[in-house]
Amino acid sequence: MFYSTISFLLVAIYGSASCSNQNSSKEMKRRLNQGSVSSSNSSENANKSTEQNSILVNSEVSGNGAGLQVKNSQLLSSSIDTCLGENMALVKDDMIVTGVDSKGFLNKDLYKVNSNAITVAGKDLLSKETENRLSTNSDSLSINYLGSINTVADVVADNCTPANKLCQCDTIDTAKQMMARCLPSISPKHELYESVALEFQQACLMDPKKAVASMLASYAFIISR
Amino acid sequence: MDRRKFLHQSLFTGFAGAFALDRLGGVPLFSSLTDPRILSRLAATDAWYNLAMVSQSVGHFLRLEHSMAQAQSSQDTWTLVTIKVVNHVHTPLVFKLGKRDGNIVTGDNPSIKSKSGEAGAHMELKGADAISDIPRFSNLRMNKWFADILATGKADTDILNNAGLQLSPFPDESKVAIQAALSLSQTMSNNHSLKAFKLATDRSELALHLGETGVIKSPLGIAAFNMGGNYDKAEGSNPTNVILGNVGEQPIFNGRPVKDFVSIVEQSVKAKHVDLQTDPQKNLTLKFDRLIQKDPKLRMELLGNQQKLLDSLVSLNAAGQLESKFQNINVQTACNQANTGKGASLEFLAQAKFVQNAVKIPGKPFRNFQLFLNINDLDGSSLDSIIIDTQNKPEDVIKSLTYIEGMRQLALSLNMLASTIAEGHNLIVVVMSEGGRGAALNDNDISFGFVMAPGGAGNLKDALYANLEEIDKRDSSVVKDPGGTNVTWSGDDLRTEGNLKSSNSSTRLGDLQRGVIEFLEEKTGTTGSRKGLGEFVKLRRSA
């Protein structure tokens with residue numbers, strides 16, 4: 001329920017300030033820190049918030065996703081902070097390919113330890129300096145964007161450890177909580193929501209990093225508003 | 001700023017920035033690869049580094065594939081394979097020169113048997129001191145030992161024949177032509193330096209030149225290999241294989257072991273965690289996508305292409321595995337390699353196998369290969385020697401093959417590549433060395449070379465470029481010491497830049513390479529890439 005409330009607030013903030021997603025995320029976190037967002041909502045409040053959430057969300061999502069803008073690198077960064085915690089896009093040494101038998105997946109010439117994967121991959125995301133949107137909506141996503149999102153998703157998921165409660169998704173509740181946190185624009189009333197949540201939870205049981213990375217690489221995550 | 005840095009820097013400038021840099025002379029990004037203007041420029045860069053770029057984004061592979069399809073649709077789908085042999089070559093180990101009377105050739109020169117140390121008896125038995133009894137190869141003056149390996153694809157050592165190599169009888173001349181060039185002088189006078197492979201003093205190597213001029217359009221650039229650690233560079237600046245540009249011995253990029261290419265290819269097509277299953281019913285990312293789009297075509301396209309490339313590229317694994325194989329040591333056959341304590345490795349043949357498999361990848365992402373054959377710097381030692389002189393300390397980083405093993409593997413590699421040509425690939429192979437070895441197996445200047453390409457009408461035919469009169473004498477200087485004797489070729493194969501018969505008394509390695517350029521210009525319909533380069537060898541065509 002806690003996360004449903006967060007989702008509601010996120011969507012509400014996005015809805016009222018569509019051009020300042022990062023600020024809205026920070027605002028949400030600020031309010032969380034100040035205790036202005038309750039973590040013990042009643043069932044009634046939760047239902048109400050979910051209903052409002054779905055209404056708001058459904059007003060944003062069209063049938064084919066057209067018109068939904070994808071995240072630029074700045075929004076992507078703040079969304080990951082909200083979704084899974086801060087510093088999750090930092091590159092660790094074992095992620096970098098060091099030799100033929102290396103288990104890493106990042107090229108050593110491009111990625112350095114403690115660099116931010118979003119910054120490095122940002123060339124194919126949306127430039128935060130210019131806000132130059134190569135991809136304007138989910139219908140015209142670029143191949144480069146999808147490819148770079150895969151890399152970012154791999155890094156973030158690799159940083160997910162059992163110690164991080166925000167990375168937990170192996171029960172249906174934790175799976176839904178993560179979806180609510182990470183995919184705030186998706187209404188829980190979406191016809192596929194329950195089935196996707198179940199499959200997400202099943203995937204988390206088998207390979208949580210793969211499940212998290214796959215979710216982060218999806219259209220559902222990379223749209224904003 | 002070198003190309004590598006430039007490419008790296010341009011990565012962070014984005015799409016528009018890449019074009020800006022392109023105008024400034026920088027190397028473009030994969031993100032701009034779909035622009036046809038870019039392809040020819042990328043063709044001259046390091047394939048390994050380009051793969052490293054691709055590995056950062058599966059999306060880059062889609063763009064790459066688009067560019068490959070674009071290049072494939074044009075007629076210019078020729079592939080270049082240059083084979084650089086160091087340290088020098090010894091003509092009598094491959095060719096039998098001297099007065100010919102039927103299948104008997106007599107010349108006043110030391111026998112291969114006498115120069116092969118413990119492998120002498122074996123080399124004599126296998127015909128290294130006799131001319132080939134295969135008419136086609138005896139016309140090229142090959143000795144029986146080398147020609148038999150080339151013709152049959154069967155080495156004179158047992159283990160090698162069971163190494164999983166794709167070897168077969170050498171194709172007919174109508175399918176594959178092979179031309180031999182003797183008495184090639186150094187383009188630049190030096191002893192064991194890679195600059196000897198350049199087209200001219202102020203020009204780059206052939207592979208780079210053909211990439212830069214757009215004659216060979218390789219979407220991934222040049223796949224340049226290295227083997228045997230260091231070579232005994234003596235007067236050279238670079239201890240391993242590098243691709244040289246216009247300026248001196250300044251390297252443009254490094255050759256690498258096959259395993260490095262296989263590793264980066266694998267890295268390029270495999271994500272770490274994100275679900276890349278192509279089955280829509282199983283792919284988790286696709287299921288999340290459908291919360292937004294019922295039919296995410298772009299995702300499906302990405303997954304489909306990813307799998308297609310993965311299927312193709314994993315075939316290169318076989319080459320990588322081959323590289324680490326060693327034969328059993330056998331001093332009687334000179335199957336030996338310096339500083340390994342083992343028999344000869346299959347590193348060089350792994351390069352040939354990489355070529356065989358890579359040219360079969362749909363779209364031909366690799367069309368420009370440089371193979372590197374590292375054989376021992378004899379400095380007067382016998383042809384089976386693995387003794388390392390002290391030119392290049394520490395000596396133990398030099399893992400060169402014996403001269404005999406080197407030529408054995410050269411014959412096998414030509415057999416492998418010939419079968420690839422016979423399968424219908426427009427492949428031209430150029431074998432060259434930085435110098436020749438004298439009669440006393442000392443360092444000297446005069447080498448030989450090979451050109452191999454499709455045969456038949458309009459393509460090449462077998463040819464021997466040499467002073468045919470002098471090599472048919474018992475006691476001519478070229479017969480006595482082909483590695484130290486400069487003689488004028490018979491005929492009019494050496495031409496001026498304007499295609500007139502040259503009056504030059506010697507033919508240089510660069511002339512032969514420029515002949516390859518002239519042939520490829522004709523085949524690809526390009527012009528201008530020989531301008532200012534001077535003389536060339538008019539490679540003989542089949543009518």
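Observations on the model:
- Test for B:VAL487: is it outside any loop (DSSP other than H, G, I, E, B), buried (at least 20 other Cβ atoms within 10 Å of the Cβ) and of a type in the set (A, V, I, L, M, F, W, C): no
- Among residues of the stretch B:367-384, those that are assigned to a loop (DSSP other than H, G, I, E, B) and either among the basic types (Lys, Arg) or crowded, with 24+ Cβ neighbours inside 10 Å (or both), counted: 6
- Within the stretch B:508-540, if we keep just the residues that are within 22 Å of the chain's Cα centre (by Cα) and basic (Lys, Arg), the residue that is least open to solvent (accessible area, probe 1.4 Å) turns out to be B:ARG514.
- If the condition is being free of Cβ contacts under 8 Å to residues at least 24 places away in the same chain, surrounded by fewer than 21 Cβ atoms within 10 Å (Cβ to Cβ) and assigned to a loop (DSSP other than H, G, I, E, B), then the stretch B:424-478 contributes B:GLY424, B:LEU468, B:GLU469.
- Counting only helices (runs of 4 or more DSSP H) that fall entirely inside the stretch A:156-225 and contain at least 2 residues that are open to solvent by less than 50 Å² (accessible area, probe 1.4 Å), modelled with pLDDT of 95 or more and away from chain B (no Cβ under 11 Å), the qualifying elements are A:172-182.
- Hey, B:THR82 closer than 26 Å to B:SER381 by Cα, among the hydroxyl-bearing types (Ser, Thr, Tyr) and modelled with pLDDT of 95 or more or not: no
- Among the residues of the stretch B:492-525, the one identified as basic (Lys, Arg) and under 13 Å from B:HIS209 (Cβ atoms) is B:ARG514.
- Counted residues, the stretch B:510-543 - those being part of a helix (DSSP H, G or I), under 16 Å from B:GLY455 (Cα atoms) and aliphatic (A, V, I, L, M): 2
- Residue among A:ASN107, A:ASN132, A:ASN137 that alone is modelled with pLDDT under 85, open to solvent by 60 Å² or more (accessible area, probe 1.4 Å) and either more than 18 Å from the chain's Cα centre (by Cα) or not small (Gly, Ala, Ser) (or both): A:ASN132
- Some residue of the stretch B:446-453 being closer than 22 Å to B:PHE197 by Cβ and polar (S, T, N, Q): yes
- None of B:ASN357, B:ASN317, B:ASN339 is open to solvent by 10 Å² or more (accessible area, probe 1.4 Å) and at positive phi except B:ASN339.
- Test: residue in the stretch B:172-182 that is open to solvent by less than 40 Å² (accessible area, probe 1.4 Å), modelled with pLDDT of 95 or more, touching an Asp or Glu at 6+ places or on another chain (Cβ under 9 Å) and of a type outside the set (Gly, Ala, Ser): yes
- Condition check for B:LEU309: modelled with pLDDT under 75, more than 12 Å from chain A (Cβ to nearest Cβ), surrounded by 15 or more Cβ atoms within 10 Å (Cβ to Cβ) and over 17 Å from A:LYS210 (Cα atoms): yes
The values are calculated or read from the model by the stated rules, or taken from the named source; none is laboratory data. These figures come from a predicted structure and were not determined experimentally. Note that we place each Cβ from the backbone using ideal geometry, even for glycine, and neighbour counts take in every protein chain shown. Accessible surface areas use protein heavy atoms only, side chains included; no ligands, DNA or RNA. Shrake-Rupley method; radii C 1.70, N 1.55, O 1.52, S 1.80 Å.
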